[in-house]
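The values are calculated or read from the model by the stated rules, or taken from the named source; none is laboratory data. All values derive from a computational prediction rather than experimental measurement. Every residue, glycine as well, gets a Cβ built from its backbone with ideal geometry; the counts of neighbours run over all protein chains shown.
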Amino acid sequence: MAKRILVIGLGRFGAAVAEALAQHGCEVVAADNDMNHIDAIKNRVTYALELDATDVNALRSIDPTSCHAAVVAVGEHFENAVLTVAALREVGVQTIIARAISPRHGRILMAAGANRVIEIEAEMGRALGRELAGGADLASQATATVLHAAGVTPAGAPLPGAMPPPGGPLPR
């Protein structure tokens, strides 16, 4: 059975996460309060719907607890990101991954109930540094990081920071 992942906020980051999850066989419930974002992704995910994710009753209507994880990719309005994380926690979602724009925002999102916070710029900066230093491919590493955070491991993909088996080849 495919993992069901809820992605809230379908801007560039949220849409990319939703598409990557769908491409790796997940059932994706993509939600946003902007119909333009929903229309842009509706043919690439399992479900795409308009939703005010800060509203606990609206969240309950889509049964978010049936999802393996929820990704909060709300970036434009920080207050909405915090309220969404708190609402997800209130309705009983166990795994909440939230996008933060700074370490301080990350701490606030964690206090609101997020299990994990992803700082896009910082994580991509580290990934670019690894790539330029001769490590993993930037795009592969970024995709693997997001999928790993959601509990999805693509076949044959190393987990971020994974070491090769003893005696196995080192990553290039």
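Going by the conditions given, is LEU10 in a strand (DSSP E or B), hydrophobic (A, V, I, L, M, F, W, C), modelled with pLDDT of 95 or more and more than 22 Å from ALA111 (Cβ to Cβ)?
Numbers: in a strand (DSSP E or B): no; hydrophobic (A, V, I, L, M, F, W, C): yes; modelled with pLDDT of 95 or more: yes; more than 22 Å from ALA111 (Cβ to Cβ): yes.
Considered against the rule, which asks whether it is in a strand (DSSP E or B), hydrophobic (A, V, I, L, M, F, W, C), modelled with pLDDT of 95 or more and more than 22 Å from ALA111 (Cβ to Cβ), LEU10 comes out as no.
Among the residues in the stretch 60-75, are any hydrophobic (A, V, I, L, M, F, W, C) and farther than 19 Å from VAL93 by Cα?
Residues of the stretch 60-75 that are hydrophobic (A, V, I, L, M, F, W, C), as a first pass: 62, 67, 69-74.
Restricting the remaining residues to those that are farther than 19 Å from VAL93 by Cα gives none.
Taking every residue of the stretch 60-75 in turn, none turns out to be hydrophobic (A, V, I, L, M, F, W, C) and farther than 19 Å from VAL93 by Cα.
Among the candidates ILE38, ILE5, single out the residue that is in contact with a strand residue (DSSP E or B) (Cβ under 6 Å, 6 or more places away or on another chain) and in a helix (DSSP H, G or I).
Working: ILE5 fails: in a helix (DSSP H, G or I).
Being in contact with a strand residue (DSSP E or B) (Cβ under 6 Å, 6 or more places away or on another chain) and in a helix (DSSP H, G or I) holds for just one of ILE38, ILE5, which is ILE38.
Answer yes or no: is there a residue in the stretch 114-126 that is touching a residue at least 24 places away in the same chain (Cβ under 8 Å), buried (at least 19 other Cβ atoms within 10 Å of the Cβ) and more than 25 Å from ASN57 (Cα to Cα).
Taking the stretch 114-126 and keeping what is touching a residue at least 24 places away in the same chain (Cβ under 8 Å), we get 114, 116, 118, 120.
Right, trim to buried (at least 19 other Cβ atoms within 10 Å of the Cβ) and you get 114, 118.
Pick out the ones that are also more than 25 Å from ASN57 (Cα to Cα) and you get 118.
Checking the stretch 114-126: at least one residue is touching a residue at least 24 places away in the same chain (Cβ under 8 Å), buried (at least 19 other Cβ atoms within 10 Å of the Cβ) and more than 25 Å from ASN57 (Cα to Cα).
Please tell me if ALA30 is surrounded by fewer than 20 Cβ atoms within 10 Å (Cβ to Cβ) and within 24 Å of GLU121 (Cα to Cα).
no
In this structure, is ILE41 surrounded by fewer than 22 Cβ atoms within 10 Å (Cβ to Cβ), under 16 Å from the mean Cα position of the chain (by Cα) and modelled with pLDDT under 95?
In short, no.
Hey, can you tell me all the residues within the stretch 54-101 that are exposed (fewer than 14 other Cβ atoms within 10 Å of the Cβ), within 19 Å of PHE13 (Cα to Cα) and in contact (Cβ under 8 Å) with a residue 60 or more places away in the chain?
GLU76 - this is the single residue of the stretch 54-101 that is exposed (fewer than 14 other Cβ atoms within 10 Å of the Cβ), within 19 Å of PHE13 (Cα to Cα) and in contact (Cβ under 8 Å) with a residue 60 or more places away in the chain.
Within the stretch 23-37, which residues are out of contact with any Phe, Trp or Tyr (no Cβ under 6 Å at 6 or more places or on another chain) and under 19 Å from ASP63 (Cα atoms)?
CYS26, GLU27, VAL28, ALA30, ALA31, ASP32, ASN33, listed by residue number.
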